[in-house]
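*Asks:* Below is a structure I'd like to ask you about.
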Protein chains: 2
Amino acid sequence: MNSNISRQILSSEYHDLNGNHIDVLDEPPTALEFSRLAHISRPVLIRGMQTPSVRLWDDEYLAATMGKAKISVAVTPNGRADAVTRAPDGKLYFVEPHVEQMSISDLFSKLSRENDDSDVYYLQSQNGNVYSSRFFEGTGDPSEFEALRADIPGEISWCSEAFGRPPDAVNLWIGSHKSVTSIHSDPYENIYTVVRGSKQFTLLPPSEGSCLQERMYPHGTWTRQGTETGLTLTPSTNASPIRWSSVIDPDIPGNLPPDAHPICITLEPGETLYLPPGWWHHVRQGANTIALNWWYDMEMRGMAWVLLSFLRGAGPVPSGNDEDD
Amino acid sequence: MNSNISRQILSSEYHDLNGNHIDVLDEPPTALEFSRLAHISRPVLIRGMQTPSVRLWDDEYLAATMGKAKISVAVTPNGRADAVTRAPDGKLYFVEPHVEQMSISDLFSKLSRENDDSDVYYLQSQNGNVYSSRFFEGTGDPSEFEALRADIPGEISWCSEAFGRPPDAVNLWIGSHKSVTSIHSDPYENIYTVVRGSKQFTLLPPSEGSCLQERMYPHGTWTRQGTETGLTLTPSTNASPIRWSSVIDPDIPGNLPPDAHPICITLEPGETLYLPPGWWHHVRQGANTIALNWWYDMEMRGMAWVLLSFLRGAGPVPSGNDEDD
């Protein structure tokens, strides 16, 4: 409880000083300009970051380039991969998606045929699916998207220069308006750009994490018993409980407490979001959305990591199922 | 008390992560390298920052260049300007120095004749005595050291580029081993370089401010009634009490509590210290020391300022004289 009061002080004073302001740049910053912005550690909307090859990216081009290569696609009945979900047993679980291998044209076909009753497909493997740190270390880095690497820069030059290191992971994201990313934070510097479609971010600063009421949830996975059957929420055996926000849709007015000050940003094609480490983000997207992101390791020296840990809070976290037991 | 526990957590975790490490550079950083270091916000010892003209600075050159120009010199009986001092009435005061106008050759003469009984002279006007922000704004900036400006760069290029702004103040410091600067912190980015002599810094990170046991002290000034009489500690009327550390000599073993982790750095001629905002510093110096410093405004956006205020602690500060009353 003691620490909670300190967090409230930091949260309200941070908001008093910074408000909901975010910088908007009409063109990408220089490395030095970006280094200053990263020091401030607030989101920045960046326009004009051109990735020339990805302008060619329509379904036909991508299907022709990728051919029959199999990619790992997340499947859920509700569009909520890695999210808190109530199981038929009445308990809430943190549920990871079922993963299916398919060609990119199969994915486009699934996305185009989605209806209210169908499963939701989302390419969100987010493990450095285009480039991982092994690529930059030169130790071999096979990728399901090898064929698209020629179109996707491994590094954002002003970003790598500012941080003095290459990315830790570069990811491709493809999905529909039915996919939603539950609110969470990452200990990474994040450069997120929309190729087509749109992304609606709801952001909270690290200082407002207590508004998200993290709880411990048992772990589960969406599983499919046979190829023709539906998905089943299967509790995991031997998996540790997961600490996750109990606020399912923070973008819906009234779902956050009054001391939260969410920042809402919609990224259109060609727009890029700089999202600093520890910023909480919930993401919705438009139909037929393709995005790319570059994760860079955060600076661990100094106070940044210590402060993020403090703001998230140490000590025991209550179960998310206490009320239901 | 609640906030104090949080400060202790931040302090011990900050020390666990960073230890007493400081970076040492053999040559000045580029603007981008320095921007990264400023982000980490730990002290850096920088060698090889050459300020060519100041190599000419011996007493004769300085006396010839400055001529009869009057400079403002701090005078105390004990070498402790801006420090907590016990008055004959038994109470502790925060005492500012007496200030005398004299030529630079008079100052050198006073410094060379100092003995155990004499008053201590220290050029430490620290108000941007070489350049103030008005100089960079082009609005006219008279200086007692006008004649030396040709020798003193107004800006450190890699620093101005990293911060995206010119300095707020550039100061010249001239004194003897009898002058001591009591421990305090400034809300500025500080580049401090020694021209001759030496400076011994005792540093504590912002997270260890509570080790310094700040107290409120009534304000006083060293005054001289006539030109031939000694200095008298004169309590100020109508001055607000001053919040200051009650640890007089933090460099003496045992004077700091065990959870303080002081970093001791001695700067020799040609060496430069980057001291980030909020770092506590106590400074001793060798005989015949000349130094220069460049203060840059700190970045107020983001969390830095909020965190420094939090670490210093809000709420009532006890009187430094309670025990004696």
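The values are calculated or read from the model by the stated rules, or taken from the named source; none is laboratory data. Everything numeric here is computed off the predicted structure, so don't read it as measured data. Reconstructed Cβ throughout: ideal geometry from the backbone, glycine too, with neighbour counts over all protein chains shown. Just the protein is used for accessible areas: all its heavy atoms, side chains included, with ligands, DNA and RNA removed. Shrake-Rupley method; radii C 1.70, N 1.55, O 1.52, S 1.80 Å.
*Asks:* Can you give me the long-range amide H partners of B:Glu271? Hydrogens built in the peptide plane at 1.01 Å from N, cutoff under 5 Å, separation of 5 or more residues or another chain.
*Replies:* B:Val194
*Asks:* Please tell me the relative contact order of chain A in percent, rounded to the nearest whole number, where contacts are Cα pairs under 8 Å and at least six residues apart. Provide the component values of the computation, followed by the final result.
*Replies:* Details: 671 pairs, mean separation 80.1, N = 325.
In percent, rounded to a whole number, it is 25.
*Asks:* Moving on to the next point. 5 Å is the cut-off here: which amide hydrogens, built 1.01 Å from N in the peptide plane, fall below it relative to A:Val99, excluding neighbours closer than 5 in sequence?
*Replies:* A:Val75
*Asks:* So what's the convex hull volume per residue for the Cα atoms of chain A, in Å³? It would help to have the intermediate numbers written out before the result.
*Replies:* Values: hull volume 49.6 nm³, N = 325.
Roughly 153 Å³ of hull volume per residue.
*Asks:* Still on this structure: For region B:3-324, what is the accessible area per residue in Å² when the probe is 1.4 Å?
*Replies:* Details: 13580 Å² over 322 residues.
The answer is 42 Å² per residue.
*Asks:* Run through the other copies and list how far each one's label point is from that of B:Arg149, in nm with one decimal, shortest first; the point sits 7 Å from Cα along Cα-Cβ.
*Replies:* Output for B:Arg149: 5.8 nm, nearest copy listed first.
*Asks:* On to the next question. Using packing as a proxy for protection, rank B:108-118, A:166-176, A:283-293 so that the peptide with the highest average count of other Cβ atoms within 10 Å comes first. Each step should come with its number before you reach the end.
*Replies:* Working: B:108-118: 12.9, A:166-176: 23.2, A:283-293: 20.7.
Top to bottom by mean Cβ count within 10 Å: A:166-176, A:283-293, B:108-118.
*Asks:* So what's the net charge close to A:Gly315: Lys and Arg +1, Asp and Glu -1, counting the other residues with Cβ under 14 Å from its Cβ?
*Replies:* Details: positive: A:Arg7, A:Arg215, A:Arg243, A:Arg312; negative: A:Glu214, B:Glu13.
Combined, the nearby Lys, Arg, Asp and Glu give +2.
*Asks:* Another question about this same structure. Order B:251-257, B:241-247 from most to least packed using the mean count of other Cβ atoms within 10 Å. Working shown, then result.
*Replies:* Values: B:251-257: 12.6, B:241-247: 19.0.
Highest mean packing first, the order is B:241-247, B:251-257.
*Asks:* If you count only protein heavy atoms and use a 1.4 Å probe, how large is the accessible surface of A:Thr227, to the nearest 10 Å²?
*Replies:* 120
*Asks:* A further question on this structure: Counting pairs on different chains as well as pairs 8 or more places apart, how many Lys pairs in the protein assembly as shown have Cα atoms under 27 Å apart?
*Replies:* Number of lysine pairs found: 18.
*Asks:* Can you compute 3J(HN,Hα) from phi for each residue in region B:166-179, using the Karplus curve 6.51 cos²θ - 1.76 cosθ + 1.60 with θ = phi - 60°, rounded to whole Hz and x for Gly and Pro?
*Replies:* The phi angles translate into x, x, 8, 6, 10, 10, 9, 10, 9, x, 10, 5, 7, 8 Hz.
*Asks:* What accessible area, in Å² to the nearest ten, does a 1.4 Å probe give for B:Phe201?
*Replies:* That residue has around 0 Å² of solvent-accessible surface.
*Asks:* I'd like the FRET efficiency for A:Val317 and B:Lys68, computed as 1/(1 + (r/R0)^6) with the beta carbon distance as r and R0 of 56 Å, rounded to 0.05. Write down the numbers at each step before the final one.
*Replies:* Details: r = 72 Å, r/R0 = 1.28.
The value I calculate is 0.20.
*Asks:* In whole angstrom, note down how far apart the Cα centers of region B:157-234 and region B:296-325 are.
*Replies:* 17
*Asks:* A further question follows. Using amide H atoms built in the peptide plane, which far-off residues or other-chain residues are under 5 Å from B:Leu25 H to H?
*Replies:* Under 5 Å from the amide H of B:Leu25: B:Leu45, B:Ile46, B:Arg47.
*Asks:* What are the nm distances, shortest first, from B:Ser103 to its equivalents in the other copies, labels at 7 Å along Cα→Cβ?
*Replies:* Once sorted, the set of distances for B:Ser103 reads 9.4 nm.
*Asks:* Now for a separate question. Go from 0 up to the bin containing the longest alpha carbon distance in the protein assembly as shown, width 10 Å each, and give me the % of pairs per bin.
*Replies:* With 10 Å bins starting at 0, P(r) equals 3, 13, 21, 21, 16, 11, 8, 5, 2, 0, 0.
*Asks:* Apply the Karplus parameterisation 6.51 cos²θ - 1.76 cosθ + 1.60, with θ equal to phi minus 60°, to every residue of region B:70-79 and state each ³J(HN,Hα) to the nearest whole Hz, in sequence, with x for glycine and proline.
*Replies:* 8, 10, 8, 10, 6, 10, 9, x, 10, x
*Asks:* Enter the mean number of other protein chain beta carbons within 10 Å of the beta carbon of each residue in A:7-20, as an integer.
*Replies:* Details: counts 1, 0, 7, 7, 1, 1, 7, 6, 1, 1, 8, 6, 0, 0.
Rounded to a whole number, the mean comes out at 3.
*Asks:* Calculate the dipole size of the protein assembly as shown relative to its Cα centre from +1 charges on Lys and Arg beta carbons and -1 charges on Asp and Glu beta carbons; express the result in debye to the nearest 20. Don't skip to the answer; put the middle values down first.
*Replies:* Working: 48 positive and 84 negative charges, 6 e Å.
Rounded to the nearest 20 debye, it is 20 debye.
*Asks:* Less than 15 Å Cβ to Cβ from B:Ser12, Lys/Arg counted +1 and Asp/Glu -1: what total charge do the surrounding residues give?
*Replies:* Every neighbour counted, the sum reads -3.
*Asks:* Among residues other than A:Leu172 whose Cβ falls under 11 Å from its Cβ, what is the net charge (Lys/Arg +1, Asp/Glu -1)? Write out the running numbers ahead of the final one.
*Replies:* Working: positive: A:Arg149; negative: A:Glu144, A:Asp151.
In short, -1.
*Asks:* Next question. Residue by residue, what Karplus-based ³J(HN,Hα) values in Hz, rounded to whole numbers, does region B:285-299 have, using 6.51, -1.76 and 1.60 with θ = phi - 60° and x for Gly and Pro?
*Replies:* Going residue by residue, I get 9, x, 4, 6, 9, 10, 9, 10, 9, 10, 9, 10, 4, 7, 6 Hz, with x marking Gly and Pro.
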